[in-house]
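Visitor: Got a structure for you, written out below as C-alpha cells; questions coming shortly.
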Amino acid sequence: MLSHNKVFDAFFLPQDGYNQRGKQNKTIIEELALYGRQQGYRIFLEANLDQVAWREIVDASLVAVVFITRAYVNNIFAHPQGKQALALVETISRKAPDFLVVVVLESGMVNTLNWSIEPFKKILRCERVLMIEDGLSALGRDMNLLFKTLESCTEKLKVVLKKESQISNQRLQYMAEGVQRMCGFNKGINLAESFQSFQKALELGHPAAAVFLARFYFMGMGAPKDQHKSEELVSKAIELGVLAVEESDADEYTLWALGLLHWMGLVVPANRTKSRHFYELSASKGFAPAQNNLAILYLNDNDPSLVDSSGQSLAWFWKAAEQGYADAQYNLATFYQNGRYVLQNLDLAAELFQKSAIQGDRDAQFKFGLIRISEEQSLIPRNEMDCVRQIEMSRDQGNTVAESWLRIHLI
C-alpha cells in the first residue's frame, strides 16, 4: 500500500460549513479539488456523493479525509453539521479499506489555542487522525505545498497503522481467549478468566466483547445475574458500532453477538429471523457458540420453511461438540440419554456427558455422575465413589439439583 510514489490514492473533502468560516473554506475546498485532479488524484466531494462514488472509494487503497479549519477544531462539533461530520467519518471507516483523517490548520493555531489532536480522536472515535499545523497561511494558499505536506504524512501513517494493527491483534487475541475459557474446547471452562479476557477486549474497543459480557450478567453465569448491567453493556456495544458493522466485514464474534442481541431482545427488539440469519453467518465461519445456538434455534423455531429442522439441529450440535464446546457436548448427551430425535444410546450419552464434565460443566458433572450410578452395565467402568464425586463437584459450582440429590441419597 505504501510503495507508491503517491501515498494517497484519493482525497475525500467534506463540505463547507463545519466551522465559522464556511464560505472561505468552500473556496479552499474547490481549489484543493481542482488542483488535486490536475495532479492525478481521485477527489471525492461530500456534496456530490452517489453510489458510484462510494464504489470508487471502496476500491481506493488509501483515502485521506481532509478537514479544512481556521477555528478551534472542536467547534466543528458545536454546529448542527457536527453530527454529520461524525457520521461521515464513521461511514468512510466502514466503506474505505484504508483511510486517514487529516486536519489542516491555519499557521500558528496550535500555539495560540494550545490545540491537541486527542480531543478530535475522541470525538471521532478514531485513532487514524493526523494534523498539519501550518497547512493554511493567513496570507495566501499554496496548493502544491499543501499536497506535498499531505504526502509527508507517510511516516506518521506507518506509525498509526502499526499501532492500529497491534491493537487489533491484541483485541482478537483477548476475544479468542475469552471464548476458549467460556466454551472449554477440551481445555477446560473458566468463566472468571473468560470474563477478564472479554473485559480486556472491550477496553481495546471490540464491540462484541460487550455483548459477551452482557450474556454473563443476563444468564447469571460467570457474573451475578443483573439485567440492568446487561442492558448497559448492550448499549455500550451499540455505541461502539456493533449494529453498524457491514456483514461482509464482520468477524465471527460480531456476527454471533448480533445473533444474540436479536435473540435476547435487550435494548434491540427481539427478532428470531434476524437472530437465525446472524447465527448462520457466524456458524458458517466455524464459530462453535454460533453453531450451538443455531442448533437450539432450529429446534425451537416453528418456521415451516425449515426442512428437517431436527436433523439440521443435530448436525450443528455435532459440529460444535467436535470442536470441544462443552455446552454442545452436554446438549447432545441429553438427546442420546432420552432418545430425543435419535435412538437412545446411554453409552454415547455417558461419553458426551463425561467430555463436558471433564471441562467443568456443572450440569454435565451431575448428569454424568447420575447416569453412571443408574446403569449396571456400561462401556465406561463404573466407580460409585467417582460418580458421587462428580455430583459433589457439580454441587460445589452451585448446582442446587445436585445439592438436593446428595442430601437425599447420602447419609
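The values are calculated or read from the model by the stated rules, or taken from the named source; none is laboratory data. Please read these numbers as outputs of a predicted model, since none were measured by experiment. Cβ coordinates were reconstructed from backbone atoms using ideal geometry, including for glycine residues, and neighbour counts include every protein chain displayed. Protein only, heavy atoms only, side chains kept; ligands, DNA and RNA dropped before computing areas. Shrake-Rupley method; radii C 1.70, N 1.55, O 1.52, S 1.80 Å.
Visitor: Residue by residue through the range 323-332, what is 3J(HN,Hα) from phi via Karplus (6.51 cos²θ - 1.76 cosθ + 1.60, θ = phi - 60°)? Round to whole Hz and write x for glycine and proline.
Guide: Values per residue, Gly and Pro as x: 7, x, 6, 4, 4, 5, 4, 5, 4, 5 Hz.
Visitor: At a probe radius of 1.4 Å, what is the per-residue accessible area of Leu261, in Å² to the nearest 10?
Guide: Spelled out: Leu261, probe radius 1.4 Å, area about 0 Å².
Visitor: Tell me which residues come under 5 Å, amide H to amide H, from Ile43 once H is placed; ignore anything under 5 positions away on its chain.
Guide: Under 5 Å from the amide H of Ile43: Phe11.
Visitor: Apply the a/c threshold of 1.5 to the C-alpha gyration tensor of the range 270-344 and tell me whether it is rounded, prolate or oblate.
Guide: On the way: a/c = 2.14, a/b = 1.23, b/c = 1.74.
Verdict is oblate for the range 270-344.
Visitor: Just how much of Thr273 is accessible, in Å², when a 1.4 Å probe is used and the result is rounded to the nearest 10?
Guide: Here the accessible area works out near 100 Å².
Visitor: Let me check something: with ligands and nucleic acids excluded, how do Met219, Met393 order by accessible area (1.4 Å probe), largest to smallest?
Guide: Result of the area sort, largest leading: Met219, Met393.
Visitor: What are the ³J(HN,Hα) couplings of the range 240-246, residue after residue, when phi is run through the Karplus curve with 6.51, -1.76, 1.60 and θ = phi - 60°? Round to Hz, x for glycine and proline.
Guide: 7, x, 4, 7, 9, 5, 5
Visitor: May I ask which of Lys200/Lys229; Lys229/Lys367; Lys163/Lys319; Lys162/Lys187; Lys274/Lys355; Lys163/Lys200 have a Cα-Cα span longer than 26 Å here?
Guide: Details: Lys200/Lys229 17 Å; Lys229/Lys367 32 Å; Lys163/Lys319 36 Å; Lys162/Lys187 32 Å; Lys274/Lys355 32 Å; Lys163/Lys200 17 Å.
Violating the 26 Å limit, Cα to Cα: Lys229/Lys367; Lys163/Lys319; Lys162/Lys187; Lys274/Lys355.
Visitor: Note down the net charge around Gly324, summing +1 for each Lys or Arg and -1 for each Asp or Glu among other residues with Cβ under 13 Å from its Cβ. List each step's numbers first, then the result.
Guide: Details: positive: Arg181, Lys187, Lys319, Lys355; negative: Glu322, Asp327, Asp361.
For residues surrounding Gly324, the net value is +1.
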